[in-house]
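Shown below is the structure under consideration.
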């Protein structure tokens, strides 16, 4: 409860026969409300006090509130004709703190070279070290480099070059890694496409991205029969590359050329392709936070290749001289024992896990974590009790990683290694190297420590924009009015956050209808649009339910067209022709009409 009280009734001293009464200030030592602002009008102006519950507020927080009120009132007096929204209410010192001090993230990295030049360094340093392992194959850095070089020459012969896209419709495999490397070696950018996606979605992605080539397997050919103006298809198992050199082709590649394009869920009902430049990828891998990875580390490729988490899992080991182990299973949550077996067999030291899978491993397969030195957890709000449990060993670093696809996977990290470092929730951390973050209000004014606002991200990790979507790019990527770099842009994340006094960000929620389910980013509007496309559906509303902590599910409420009877099996089948499996609701609830 919050109260504002203005005491402007006449006071002073009261006289009565034989008696004088005067007002005394009494400190009750107890807050009558959670927070109260008390103003008294006197002959020499307004005098105020703030009364607060010490169980809810710290003294520094309340002192900042008082400063904000004073600054706001001074601004109102000095500019009585200004709109309320334009009145300053944070002090110059606070503005310096949140815009400059908390964004002191500039650090040196190889920003003037290509991604493949950094891979070439690892090949030169560790040619005989194991780079890539699967269940039936093992490649050294020299072998992986030679195989990728031969395919790169084939791609160059087919006119792949800088900023030309190559779609890769392959599962997690040695072939996918080789194709991604070869695409970059040829100067192009790869577009990963999940083999489990329905044909309709795959064809839309092809039509939207317009790649120069598509690399896939022959048994997937029928999925692409209906793509308009589809790219030429190369079947990876049929390529004959022995005649090509094992040395890298000579290609003039700029760090501002594209590295990859990843499609994410779209609020308009269509997925959108996020284009990332090579400099942005190097800014991630060579950040201070990930600089400790090296020759002694082994990571697993667990994420679906179409999910941006695969970018971290793929390039962090290969650009740092570590070893990458490919997990070939499709259903991780139902195959935790095999994940544990593969991790132990290959000596995995670091893992990147979606939050739901992390919680399941902590509860049911903690042995997976025992051999790790670090686990990177992201994709959704991380469970603090599970972090405390995982950190109890004292040898495991648990890192909460946060960042949208539009900012190259990661913009913030926060690491703990002891249970006592975990509070009621895990913050998302300070800004990653060469990344800027502003917390702004609805008028794009900075807000001070402790005040919620929308997070805007900038810096070297920022995406070029959305492929073939200039209007959406202009809407989500806006000019940086807070910084000093000419032409700089900011990405509107839609995430509600607040600064802590130590420059660490806390995640509070969303300001729109985007959700995260099992680490996947989902626009509810896209699911609703797909349901409305079904001929027997009249109205629809899709929500996220979390009936059990950590178990988020999509629930669709639908009403039928006149004369139609809705059946969950038919609804699910219809959606599976349009959406990936992770976007299909778990439950369908039929209502005669949807309430307003």
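The values are calculated or read from the model by the stated rules, or taken from the named source; none is laboratory data. Since the model is a prediction, treat every value here as computed from it, not as a measurement. All Cβ positions, even for glycine, are placed from backbone atoms using ideal geometry, and neighbour counts span all protein chains on display.
Determine if region 142-157 includes at least one residue that is part of a loop (DSSP other than H, G, I, E, B) and touching a strand residue (DSSP E or B) at 6+ places or on another chain (Cβ under 7 Å).
Within region 142-157 (the criterion being part of a loop (DSSP other than H, G, I, E, B) and touching a strand residue (DSSP E or B) at 6+ places or on another chain (Cβ under 7 Å)), the answer is no, since none of the residues qualifies.
Would you point out the residue of region 119-146, among those that are touching a residue at least 60 places away in the same chain (Cβ under 8 Å) and more than 31 Å from the chain's Cα centre (by Cα), that is nearest to residue 211 (Cα to Cα)?
Taking the candidates together, the pick is 146.
Something else now. Which residue, of 274, 246, is in contact with a helix residue (DSSP H, G or I) (Cβ under 9 Å, 6 or more places away or on another chain), at negative phi, touching a residue at least 12 places away in the same chain (Cβ under 8 Å) and part of a loop (DSSP other than H, G, I, E, B)?
246
Answer yes if at least one residue in region 298-318 is outside any helix (DSSP H, G or I) and more than 25 Å from residue 167 (Cα to Cα), and no otherwise.
yes
For (1) touching a residue at least 12 places away in the same chain (Cβ under 8 Å); (2) in a helix (DSSP H, G or I); (3) in the same structural domain as residue 574 (by TED's automatic domain parsing); (4) in contact with a strand residue (DSSP E or B) (Cβ under 9 Å, 6 or more places away or on another chain), each residue gets a yes or a no:
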position: 177; (1), (2), (3), (4): yes, yes, no, yes
position: 182; (1), (2), (3), (4): yes, yes, no, yes
position: 195; (1), (2), (3), (4): yes, no, no, yes
position: 205; (1), (2), (3), (4): yes, yes, no, yes
position: 215; (1), (2), (3), (4): yes, no, no, yes
position: 221; (1), (2), (3), (4): yes, yes, no, yes
position: 251; (1), (2), (3), (4): yes, no, no, no
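Which of the residues spanning region 18-32 are closer than 20 Å to residue 2 by Cα and exposed (fewer than 14 other Cβ atoms within 10 Å of the Cβ)?
27, 28, 29, 30, 32
Restricted to region 186-204, and to residues that are buried (at least 23 other Cβ atoms within 10 Å of the Cβ) and more than 14 Å from residue 263 (Cα to Cα), which residue is nearest to the chain's Cα centre (by Cα)?
Of everything passing the filter in region 186-204, 188 is nearest to the chain's Cα centre (by Cα).
Considering (1) buried (at least 20 other Cβ atoms within 10 Å of the Cβ); (2) more than 29 Å from residue 315 (Cβ to Cβ), say which one residue 430 fails and leave the rest.
(2)
Looking at this structure, is residue 393 closer than 29 Å to residue 130 by Cβ and either buried (at least 23 other Cβ atoms within 10 Å of the Cβ) or at pLDDT below 90 (or both)?
So residue 393 passes the test.
Does residue 550 count as at pLDDT below 90, buried (at least 19 other Cβ atoms within 10 Å of the Cβ) and assigned by TED's automatic domain parsing to the domain that holds residue 570?
no
Inspect region 231-239 for any residue being closer than 14 Å to residue 149 by Cβ and over 27 Å from the mean Cα position of the chain (by Cα) and give the result as yes or no.
yes
Answer yes or no: is there a residue in region 263-271 that is part of a helix (DSSP H, G or I) and at pLDDT below 95.
No, the conditions are met nowhere in region 263-271.
Here are 166, 113: which of them is in contact with a strand residue (DSSP E or B) (Cβ under 8 Å, 6 or more places away or on another chain) and either part of a loop (DSSP other than H, G, I, E, B) or buried (at least 22 other Cβ atoms within 10 Å of the Cβ) (or both)?
166
Test each condition in (1) over 27 Å from the mean Cα position of the chain (by Cα); (2) closer than 19 Å to residue 275 by Cβ for residue 149 and report the one that comes out false.
(2)
From the list 46, 35, which residue is modelled with pLDDT of 90 or more and surrounded by 11 or more Cβ atoms within 10 Å (Cβ to Cβ)?
35
Could you check how many residues of region 338-383 are touching a helix residue (DSSP H, G or I) at 6+ places or on another chain (Cβ under 9 Å), more than 21 Å from residue 322 (Cα to Cα) and assigned to a helix (DSSP H, G or I)?
Of the residues in that region, 10 qualify.
List the number of the failed condition for residue 139; all other conditions in (1) surrounded by fewer than 18 Cβ atoms within 10 Å (Cβ to Cβ); (2) not in a helix (DSSP H, G or I) hold.
(1)
Give me the strands (runs of 3 or more DSSP E) completely within region 1-85, filtered to those with at least 2 residues that are closer than 30 Å to residue 500 by Cα, ordered by residue number.
Correct list: 2-7, 35-42, 45-52.
Quick check: is even one residue across region 571-580 crowded, with 17+ Cβ neighbours inside 10 Å, closer than 30 Å to residue 442 by Cβ and over 21 Å from the mean Cα position of the chain (by Cα)?
Checking region 571-580: not a single residue is crowded, with 17+ Cβ neighbours inside 10 Å, closer than 30 Å to residue 442 by Cβ and over 21 Å from the mean Cα position of the chain (by Cα).
Exactly one of these conditions fails for residue 11: (1) surrounded by 10 or more Cβ atoms within 10 Å (Cβ to Cβ); (2) modelled with pLDDT of 85 or more. Give me its number.
Going through the list (1) surrounded by 10 or more Cβ atoms within 10 Å (Cβ to Cβ); (2) modelled with pLDDT of 85 or more, residue 11 breaks only (2).
Now, a different point. Looking at the structure I just gave you, is residue 123 part of a helix (DSSP H, G or I), at pLDDT 95 or above and within 19 Å of residue 295 (Cβ to Cβ)?
Against the criterion (part of a helix (DSSP H, G or I), at pLDDT 95 or above and within 19 Å of residue 295 (Cβ to Cβ)), residue 123 qualifies.
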